[in-house]
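**Student:** The structure that follows is given in the form of structure tokens.
Derivation of every value follows stated rules applied to the coordinates shown; laboratory data play no part. Nothing here was measured: the structure is a model prediction, and the numbers come from that model. Counting neighbours? That spans all protein chains shown, and the Cβs are built from the backbone with ideal geometry, glycine included.
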Amino acid sequence: MNTHLETKALFAGYNPADNHGAVKPPMHPASTFVFPSAAVGAAHMETSYGVEGAETPPEGGFIYSRLGNPTLSVAETRLAAWDESDAAAFFARGMAAISTMLFALTGPDKPLWYVGPLYGGTQHIVDDILPSMGVSVKSMEHLDDLASVTEADGLPGMIYLETPANPTLQVHSIKTAADWAKRNSSKDHRIIVAVDNTFLGPIIQRPLELGADLNVYSATKYIGGHSDLIAGAVSGEALAMAKVFEYRTFFGGMADPYTSWMLSRSMETLQVRVDRQISSARLILDHIQEAPGTPVFGINKIYSAWAEDLEGSGDVRSAEIAKEQQANGGAMFAMELPGGRPAAFAFLDALNHIQLAVSLGSTESLAEHPASMTHAGVSVEEKLKHGITEGLVRISIGLEHPEDLIADIDQALQAACKVYEETLECV
Ligand SMILES: Cc1ncc(COP(=O)(O)O)c(C=O)c1O
């Protein structure tokens, strides 16, 4: 019988026999590691710097914690096990992971093509930093645009997407990007497909199985999962990962040993956390919709990445994509309330159990106002293009009892309703 992923990932990267039988991995804060001999030390360093003819010491081992660390290694082996990838790299932040990956794999001869919306930090790198380094950047409205690319457009070095996208859960077809990249890659010009998989984590959506080369994560979210660490990750195919590791060594953005230790621990409960978050989110989505796609309580519109909700709202194409690439729609959703910012703020201020804070994917449920918080730096036109109105609130479902969350949302909707009750019956 094949061992299930969650069983494999629980033990990946650590053997108790290496540490006096201790059932859990220790934390190694050491900055540097003693070489058994000068010859072994020299061989390690030469291998690490890619010196021609260097021989890798067969006994393995570590050199210096910017190049590698045993606690970081355990966490990376675990993420590679979850993703079933060739290798995984943890970083100090999601933005360190994204920037290092972009710098490693794009360049003046390797343009970046992306489909928006993107996380604000990524958008800034793409709009302002990559072009200043000579990387040409092209924004696509839809991945279907790839079908009409001509020779005059040239070829990208990377296609980058985020799905579902923040905050209105727009879905993009990973397979469309991956198939096109495979068809247009050659021996001399490889097109990498990188997917920011932060919203659905390694469990619900598995871009590598759909042909993507790299998964990118803000591990601050579901992978860390407790709002008590900041980290990022890239995970995927060996050759692309070699470049990512090379750039990480020199940019120095790896996760520190304490964060790595916390990440290893968090990944042991990833499946149970996500399972509970998903089932609660579904109950709540059912409660705030009479039927998928038909909001109640006077809510204007509900944004969800669940196929049934997308189908209910008439977005058949997105529903098909969601069915093809997601096990379900995850534990994030957004609601647009009539009454604009005053109604959205009344809702957020009335919440008791759900915490008013940015971020997502944690044990506690979180709610925020994208237009003035996570997307405050985005232009009004861009906000409206992506449905980020003043009445929009985004919610990330945690591990509280779902009945308590439903009661909390109901009473906050009542508070919001006071803002618009003259024009609408909202109960
Ligand atoms: C989708 C997405 N990608 C990347 C990031 C950046 O991650 P971090 O805040 O860990 O640097 C975030 C942060 O919110 C995000 O939501």
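**Student:** Taking neighbour Cβ counts within 10 Å as the exposure measure, how do Leu384, Leu146 sort from fewest upward?
**Tutor:** Leu384, Leu146
**Student:** Also, quick follow-up: Once the piece of chain linking Ser279 and Asp86 is laid out straight, how much longer is it, given 0.36 nm per residue of separation minus the C-alpha distance between them?
**Tutor:** 66.4 nm
**Student:** In square nanometres, what is the average projected area of the Cα convex hull of the chain? Could you put the intermediate results ahead of the total?
**Tutor:** Numbers: hull surface 92.4 nm².
Mean projected area for the chain: 23.1 nm², to one decimal.
**Student:** Compute the orientation-averaged projected area for the range 184-244 from the convex hull of its Cα atoms and round it to one decimal in nm².
**Tutor:** Details: hull surface 18.8 nm².
So the Cα hull casts an average projection of 4.7 nm².
**Student:** If each residue of separation counts as 0.36 nm, what is the full-extension length gain between Ile406 and Leu384 once their alpha-carbon separation is subtracted?
**Tutor:** This chain segment gains 5.1 nm when fully extended.
**Student:** Can I ask one more? Can you give the angle from 0 to 90° between the axis of helix 174-184 and the longest principal axis of the chain, with both taken from C-alpha atoms, to the nearest 10?
**Tutor:** Long axis of 174-184 versus the principal axis of the chain: about 50 degrees.
**Student:** Please identify, among Thr32, Thr163, Thr198, the residue showing maximal mean-square fluctuation in a Gaussian network model of the chain using a 10 angstrom Cα cutoff.
**Tutor:** Looking only at Thr32, Thr163, Thr198, the biggest GNM fluctuation is shown by Thr32.
**Student:** Hey, another quick one. Going by alpha carbons, how many degrees (0 to 90, nearest 10) lie between the helix axis of 70-83 and the longest principal axis of the chain?
**Tutor:** Roughly 50 degrees between the two axes.
**Student:** Can you give the Rg to Rh ratio for the range 203-283, taking only C-alpha atoms and Rh from Kirkwood?
**Tutor:** 1.01
**Student:** Dimensions of the range 169-305 along principal axes (Cα, Å, largest first)?
**Tutor:** Computed over the range 169-305, the largest-to-smallest principal extents equal 55, 42, 22 Å.
**Student:** Can you tell me the 0 to 90 degree angle between the C-alpha axis of helix 38-48 and the longest principal axis of the chain, rounded to 10?
**Tutor:** That helix lies at roughly 40 degrees to the long axis.
**Student:** For a 20 Å ceiling on Cα separation, which of these pairs sit above it: Lys182/Lys221; Lys175/Lys323; Lys110/Lys243?
**Tutor:** Checking Cα-Cα distances, Lys182/Lys221 exceed 20 Å.
**Student:** Does anything in the range 194-219 have its amide N under 14 Å from the 7 Å Cα→Cβ label point of Lys243, and if so which residues?
**Tutor:** 194-195, 213-215
**Student:** Using the basic label-point model (7 angstrom from Cα toward the beta carbon), what is the Glu151 to His20 distance in nanometres?
**Tutor:** 7.0
**Student:** What FRET efficiency, computed as 1/(1 + (r/R0)^6) with R0 = 51 Å and r the Cβ-Cβ distance, is obtained for Thr294 and Phe250, rounded to the nearest 0.05?
**Tutor:** The pair Thr294/Phe250 has a calculated efficiency of 0.45.
**Student:** Does the range 106-236 classify as rounded, prolate or oblate by the C-alpha gyration tensor (a ≥ b ≥ c root eigenvalues; a/c under 1.5 gives rounded; else a/b over b/c gives prolate, otherwise oblate)?
**Tutor:** Numbers: a/c = 1.81, a/b = 1.48, b/c = 1.22.
Verdict is prolate for the range 106-236.
**Student:** Could I ask something else about it? Need one number: nm distance between label points at Tyr64 and Glu141, each 7 Å from Cα along Cα→Cβ, rounded to one decimal.
**Tutor:** Roughly 5.1 nm, to one decimal.
**Student:** Among Glu400, Glu381, Glu151, which one shows the biggest mean-square fluctuation in a GNM of the chain, springs joining Cα atoms closer than 10 Å?
**Tutor:** Comparing Glu400, Glu381, Glu151 in the GNM, the peak value goes to Glu151.
**Student:** Taking N as the number of residues in the range 144-185, what is its alpha-carbon radius of gyration divided by 2.2 N^0.38 Å?
**Tutor:** 1.28
**Student:** To one decimal place, what Kirkwood hydrodynamic radius in Å is obtained for the range 271-420 from all pairs of distinct Cα atoms? Don't skip to the end; give the middle numbers.
**Tutor:** Working: mean 1/r = 0.0647 Å⁻¹.
It works out to 15.4 Å.
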